[in-house]
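Here, each number is a calculation from the coordinates, and none is a lab measurement. What you are looking at is a predicted structure, and each value in this text was computed from that prediction instead of being measured. Don't worry about glycine lacking a Cβ; one is built from the backbone with ideal geometry, like all the others, and counts go over all protein chains shown.
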Amino acid sequence: MAESAFQAPKGTRDFYPEDAARRRFITEAWRSASVRHGFEEVDGPIFEHLDLYTVKSGEGIVSELFSFTRAGGEKDYALRPEFTPTLARLFAARAGSLPKPTRWFMAGPFFRAEKPQRGRLREFLQWNADILGDASPAADAEIIATCVSLLASLGLTSRDVRVKVNHRAALGAWLSSRGLAAERQPELFKLLDARGKMPPQEFASRIGAFGFSAEQAEVFLRGIVRITVPAGVDPRTHEVDPLRPPAVDPSVRDVLDLTYFSDAVMPLARELVAAGIIDWVDFDLSIVRGLAYYTGMVFEVHEAAGAERAIAGGGRYDNLVELFGGPSTPAVGFGMGDVVLGLVLEDRGLMPKAGDLFRRIGAAPDVFVIPGPNPAADALVKPVVARLRAAGLHARHTSKTTRNIGKLLKEAVDQSARFALILESDSTAAVKDLTSGAQSPVVPLADAIARLTGRE
């Protein structure tokens with residue numbers, strides 16, 4: 001077969017039925033986790049005025065966007081690369097009438113004009129969850145807990161993925177205690193954010209400019225701090241002792257003192273313990289998130305083996321709403337894309353196979369109607385299907401000409417139907433449970449339909 005001259009744009013995807021089902025599986029999981037944690041759904045346009053993005057990130061971001069000017073128009077627009085500016089705009093417009101805190105989520109398409117590669121496309125779906133109007137560590141922990149809830153619901157465990165948490169203000173205070181002036185810290189943060197793109201030796205060399213030896217660079221390369229709850233203690237009620245040093249890798253203990261675990265970090269640690277998710281968390285001083293608008297807690301979710309890009313990331317941004325004309329509003333949130341998450345689920349065998357996938361998203365038929373060997377049953381197929389649909393069931397029938405019951409039952413199974421309704425005559429039928437394989441005796445058709453509709 002000749003290849004079509006028309007191909008999908010580079011960095012985009014075509015979604016055939018099973019691909020679309022995988023997408024729906026992920027988006028429904030996002031929605032379920034959001035609702036479970038008390039977030040309300042919002043959305044905005046998929047394109048905004050270009051200056052909505054340049055006011056936050058500067059003119060340099062334009063090269064990373066799909067921007068355009070309407071023919072004959074004067075304003076510049078851009079397809080949205082992220083949701084936070086839209087979120088801030090929405091909140092600023094109605095800040096006086098919104099509840100405090102405001103808990104919003106959305107899931108939709110985003111666009112970035114960058115080189116496509118594994119885990120990164122030009123068009124993708126992203127889930128965002130944000131809490132606005134709450135400056136407490138409890139809000140920070142709730143954002144992380146919502147993310148963890150989603151990961152756990154998909155079958156991932158704390159052995160599969162790690163939530164790497166840092167606190168930019170606490171890190172800044174710790175760096176200041178080591179003599180690094182505040183005006184130089186953004187430069188160090190930029191280096192930390194890029195560390196994964198360079199060999200360890202290069203990173204160790206470059207960090208020397210900030211007063212760290214090659215040995216001390218280890219605190220940023222593998223200086224993981226884990227807070228553990230003693231065996232037998234309920235993590236929902238256990239209090240983290242701020243005077244008890246957390247478990248620190250011996251190789252960095254002489255560099256990382258408890259200055260980092262300041263008044264900013266320990267309250268967050270306590271809330272993570274209370275939320276029952278501290279076993280998912282590593283405090284990691286190398287996580288800073290590249291965006292300058294983060295003001296406090298920041299986090300990223302990575303596979304424990306480090307095979308893929310970050311699965312999710314976010315943090316606290318207490319000054320952003322003001323930038324878009326709103327009142328001073330503390331805020332915290334995160335985003336998660338479907339591309340890396342889908343790769344992780346596929347690689348770990350956690351993405352359901354076709355049959356189960358369609359059932360999980362509610363796209364599999366409840367009933368597949370099959371005509372039996374009696375020719376009188378043929379004329380009943382479509383009226384019975386219509387009757388079942390009117391009763392609220394997802395009913396289908398074959399479009400094939402075969403009357404072979406075995407082949408038709410296989411078609412029903414291939415479509416992941418729960419039941420097959422076999423029309424034995426113009427007035428009788430049998431119901432076959434396609435999960436267990438059990439088949440009922442032949443009964444009056446009305447009784448078989450009543451069983452399927454739950455009205456027997």
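Miscellaneous remarks
- Note on the stretch 270-312: Rg/Rh from C-alpha atoms, Kirkwood Rh, equals 0.99.
- Ordered by the number of other Cβ atoms lying within 10 Å of each residue's own Cβ, fewest first, Thr329, Thr69 fall into the sequence Thr69, Thr329.
- Scattering profile of the stretch 102-172 at q = 0.13, 0.14 Å⁻¹ [log10 I(q)/I(0), Debye over alpha-carbon scatterers]: -0.58, -0.67
- For the stretch 62-219, alpha-carbon Rg over 2.2 N^0.38 Å: 1.34
- Each Lys and Arg Cβ is given +1 and each Asp and Glu Cβ -1; about its Cα centre, the chain then shows a dipole of about 1080 debye.
- Top positive-direction residue, dipole computed over the stretch 364-453 with Cβ charges, set Asn374, Leu452, Thr402: Thr402
- Size descriptor for the stretch 57-153, Kirkwood hydrodynamic radius: 16.0 Å (Cα pairs only, one decimal).
- Cleavage-rule hits (trypsin sites (Lys or Arg not before Pro)) in the stretch 143-200: DSSP loop, at most 10 neighbouring Cβ within 10 angstrom: Arg159
- When the chain is described by a simple charge dipole with +1 on each Lys and Arg Cβ and -1 on each Asp and Glu Cβ, the residue from Phe203, Gly349, Gly325 located farthest towards its positive end is Gly349.
- For a modelled paramagnetic label at Glu64, 7 Å from Cα along Cα-to-Cβ, the residues of the stretch 176-210 in reach, with backbone nitrogen under 19 Å, are 186-198.
- According to the Cα-based calculation, Rg over Rh for the stretch 303-369 is 1.24, with Rh computed by the Kirkwood formula.
- Proximal charge balance of Ser176 [Cβ under 12 Å; K/R count +1, D/E count -1]: +1
- Between amide H atoms placed 1.01 Å from N, distances below 5 Å from Thr428 occur with Leu445, all of them 5 or more places distant or on a separate chain.
- Rg/Rh for the stretch 332-456 stands at 1.13; both radii use Cα atoms, and Rh follows the Kirkwood definition.
- Shown here is the pair-distance distribution of the chain: with all Cα-Cα distances grouped in 20 Å bins from zero up to the longest one, the shares run 21, 44, 25, 10, 1 percent.
- Integer Hz, Karplus 6.51/-1.76/1.60 couplings in order for the stretch 293-306, x for Gly and Pro: 7, 5, 10, x, 4, 9, 8, 9, 10, 10, 4, 4, 7, x
- Lysine-lysine proximity count for the chain, Cα under 26 Å, sequence distance 8 or more or distinct chains: 24
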